[in-house]
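Below you'll find the structure, written out as structure tokens, and then a few comments.
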Number of protein chains: 2
Amino acid sequence: MFPADRLRDWTQEVFQKIGVSRDDAVLLTDSLIEANLRGVDTHGITRMLCVYVERIRKGVMSAKSNLVVVREKASTALIDCRNSIGQVGAARAMELAIEKARPPGVAFTAVSHSNHFGASAYWAMKALPQGMIGFSSTNAPAAAAPTGGSTAMFGTNPFAIAIPADRELPVVLDLATTVVARGRIVLHAKQNKPLEPGWAFDERGVPTTDPHTAMKGLLAPIGGYKGYGIMLAVDFLCGLLTGSNYGTHFPGFLADNMTEPTDVGSVFAAINVESFMDLPEFTAAVDKALQEIKTSTRAEGVKRIYIPGEIEFEMKADRLAHGIPIPEAVINDFVALGRELGIPFPQA
Amino acid sequence: MFPADRLRDWTQEVFQKIGVSRDDAVLLTDSLIEANLRGVDTHGITRMLCVYVERIRKGVMSAKSNLVVVREKASTALIDCRNSIGQVGAARAMELAIEKARPPGVAFTAVSHSNHFGASAYWAMKALPQGMIGFSSTNAPAAAAPTGGSTAMFGTNPFAIAIPADRELPVVLDLATTVVARGRIVLHAKQNKPLEPGWAFDERGVPTTDPHTAMKGLLAPIGGYKGYGIMLAVDFLCGLLTGSNYGTHFPGFLADNMTEPTDVGSVFAAINVESFMDLPEFTAAVDKALQEIKTSTRAEGVKRIYIPGEIEFEMKADRLAHGIPIPEAVINDFVALGRELGIPFPQA
């Protein structure tokens, strides 16, 4: 178990060492450590640090931030990230959305030519302390086919929605539009464990529960043709509307592509609650509704009904108290990276 | 087969006869006939006309429109519908969203204390001729439980997104957040046909494929806990943010409740494409992406890959040419209603 602060300090140093400015390193590190604290290790330093470092060192992603606001209106903005770190573009876009929604009102901002921005929830949640409802979404390289197709045309294309509460924890919904992530298929393949029906297709587009067949195949969208529609809408909003990559045009993602910029697009929105209702009245109503859901009759054998985001909040409290677990293989990678950069990884 | 125009004229007369103004009758009728033309008969006069008429005649829904804009900002508006016809509130809210997004920018509007607004797509599509991306959503009486629960806390809570194209048909996504509609369960029960896994739960919250058990049980959200999260977000945005009903607080819907107003809330958004990209550039990119999807490799045994909304556009062309089919039981209801009101139903 590693204390978050120790990992944070080390990660910031690593990013600065490879050319990232201090401010950007702080921001990027916070997005990754926060994902680890929330138990979303797929978006934490555990999976992302070495990949980001390699991308920056190979020049596939720019260490220096180079954002340009190319269109700006009272309630909208488009920021060209010019291959800056995804988190830097996302932070600026979400800040702008919040600023523009403050009068009060709503705002919708977008970034083009960007990179992986970490966990989507991190950006939507920025709206919460402002008394706003936050939204964020990004497109991603293709992993799922349109309904009836057998070519991967859509990424997991996640979106997040954050809704403020008063005494209750806020609602934080963050979901990929595929039933499961690719990592889940990989895990089942390693364990020779059949998939649940509806998770994946083989490479001809036929449903399969065999994890090895699914590895070469396609992820299934949530709700069949409904999820296909959502994926398509996310790809068109994030990719087409920003003039970034979309559909089959990605050169691959993260570790799979160390030669070309990813060129994803992302969108962000903020809805100022005061546009519609006084904030205390709204957050009290949210509290009441959340209590009603949490105390509603449980299904047989179920101990507890969770609100979206609740598991992550509890995980964060736990990991702040007891530290972040890091798999041994990842520790070895961190030790090697630290040695190479002259910034020793602080072992427990 | 009934020509749309003949059904339209008769329906308008029926609504006017029971106290709806001419303008509102034209609007309401268009929303219903358009649903029938698009093949969405669940939201056409085939299912809704007699229900709407009964609600108005019993005084559960107001024939007269009584909209009040209670909060209005540059990019937002909240309209209190005061139990007016849902379509009348939705039309005003979508018009306001489009007007506010014109400068260019984005806008987000909401209605409170409203009624069933017809098919969600109808409102999102209003944005298309304006060079905008449209969004609409509504909450609805509970039919699905939170993940792990066995009490219905969420409606089918549909949303629609419409994205303009140039030569291609626009993208029109309209989906309920349950895997299937209740009508599908009813149909399987009538035919004693097992449900597909993942469609429904029994009344204790346990998954079932028995249609009769499911009839007393719960609809499943798309993507399990993911769909639960989307339903919750729709309910909180449409219900809580507008101060309308939500969760378990609905008195029942449509035909199931002829004593109290439904009191649903709905939200609408318009994104002016020009805020981000010149419209012709965007619609050309949409055309290209749609072509890529439609011509991508098909899964085994699949004849064609459809874009969301495409089936409905083709259905509309067909029904404009050949008429709208109406089941015999519904024709009988129409004949009886027409006789009662002194507006004979125009048989083929």
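The values are calculated or read from the model by the stated rules, or taken from the named source; none is laboratory data. All values reported here derive from a predicted model rather than from experimental measurement. Cβ placement follows ideal geometry from the backbone for every residue including glycine, while neighbour counts extend to all protein chains displayed.
Values for this structure:
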read-out: Scope segment A:205-263; condition of a type in the set (Val, Ile, Thr), in contact (Cβ under 8 Å) with a residue 60 or more places away in the chain and farther than 25 Å from A:SER84 by Cα; matching residues; value: A:ILE230
read-out: Breaking point among (1) facing another protein chain (nearest Cβ under 10 Å); (2) out of contact with any Pro (no Cβ under 9 Å at 6 or more places or on another chain); (3) not in a loop (DSSP other than H, G, I, E, B), for B:LEU232; value: (2)
read-out: Subset of segment A:235-279 [farther than 21 Å from B:ASP287 by Cα and in a helix (DSSP H, G or I)]; value: A:LEU254, A:ALA255, A:ASP256, A:VAL273, A:GLU274, A:SER275, A:LEU279
read-out: Qualifying residue in segment B:179-192 (condition: among the polar types (S, T, N, Q), over 18 Å from the mean Cα position of the chain (by Cα) and not assigned by TED's automatic domain parsing to the domain that holds B:MET94); value: yes
read-out: Within segment A:13-127, helices (runs of 4 or more DSSP H) holding 1 or more residues that are closer than 16 Å to A:THR242 by Cβ; value: A:86-101, A:120-124
read-out: Residues of segment A:264-316 classified as closer than 30 Å to B:LYS73 by Cα, without any contact (Cβ under 8 Å) to a residue 40 or more places away in the chain and surrounded by fewer than 23 Cβ atoms within 10 Å (Cβ to Cβ), total; value: 5
read-out: Residue within segment A:30-52 that is over 21 Å from A:GLY338 (Cβ atoms), at pLDDT below 95 and surrounded by fewer than 17 Cβ atoms within 10 Å (Cβ to Cβ) present; value: yes
read-out: Pick from segment B:310-348, criterion under 30 Å from A:ALA145 (Cα atoms) and of a type in the set (A, V, I, L, M), ranking: farthest from the other protein chains (Cβ to nearest Cβ); value: B:ALA317
read-out: Positions within segment B:291-325 being out of contact with any Leu (no Cβ under 8 Å at 6 or more places or on another chain) and hydrophobic (A, V, I, L, M, F, W, C), in sequence order; value: B:ALA299, B:VAL302, B:ILE305, B:ILE311, B:ALA317, B:ALA321
read-out: Matching residues in segment A:217-229 - criterion: being within 8 Å of chain B (Cβ to nearest Cβ) and hydrophobic (A, V, I, L, M, F, W, C); value: A:ILE222
read-out: Residue, nearest to B:VAL267 (Cα to Cα), within segment B:159-178, restricted to residues that are buried (at least 24 other Cβ atoms within 10 Å of the Cβ) and not hydrophobic (A, V, I, L, M, F, W, C); value: B:ASP174
read-out: Count of residues meeting criterion [within 11 Å of chain B (Cβ to nearest Cβ) and among the aliphatic types (A, V, I, L, M)] in segment A:170-214; value: 8
read-out: Counted residues, segment A:265-309 - those being acidic (Asp, Glu) and more than 7 Å from chain B (Cβ to nearest Cβ); value: 4
read-out: Residue in segment A:74-83 that is within 14 Å of another protein chain (Cβ to nearest Cβ), among the hydroxyl-bearing types (Ser, Thr, Tyr) and under 14 Å from the mean Cα position of the chain (by Cα) present; value: no
read-out: Residue, surrounded by the fewest Cβ atoms within 10 Å (Cβ to Cβ), within segment A:235-254, restricted to residues that are facing another protein chain (nearest Cβ under 8 Å) and on the phi > 0 side of the Ramachandran plot; value: A:GLY243
read-out: When residues of segment A:85-117 are limited to those that are in contact with a strand residue (DSSP E or B) (Cβ under 7 Å, 6 or more places away or on another chain), farther than 19 Å from A:LEU237 by Cα and not charged (D, E, K, R), the one farthest from the other protein chains (Cβ to nearest Cβ); value: A:ILE98
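Conditions tested, residue by residue: (1) basic (Lys, Arg); (2) touching a Gly at 6+ places or on another chain (Cβ under 6 Å); (3) at pLDDT below 95; (4) not in a helix (DSSP H, G or I).
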{"site": "A:LYS303", "(1), (2), (3), (4)": "yes, no, no, yes"}
{"site": "A:ILE307", "(1), (2), (3), (4)": "no, no, no, yes"}
{"site": "A:GLU314", "(1), (2), (3), (4)": "no, no, no, no"}
{"site": "A:ALA321", "(1), (2), (3), (4)": "no, no, no, no"}
{"site": "A:ASN332", "(1), (2), (3), (4)": "no, no, no, no"}
{"site": "A:VAL335", "(1), (2), (3), (4)": "no, no, no, no"}
{"site": "A:PHE345", "(1), (2), (3), (4)": "no, yes, no, yes"}
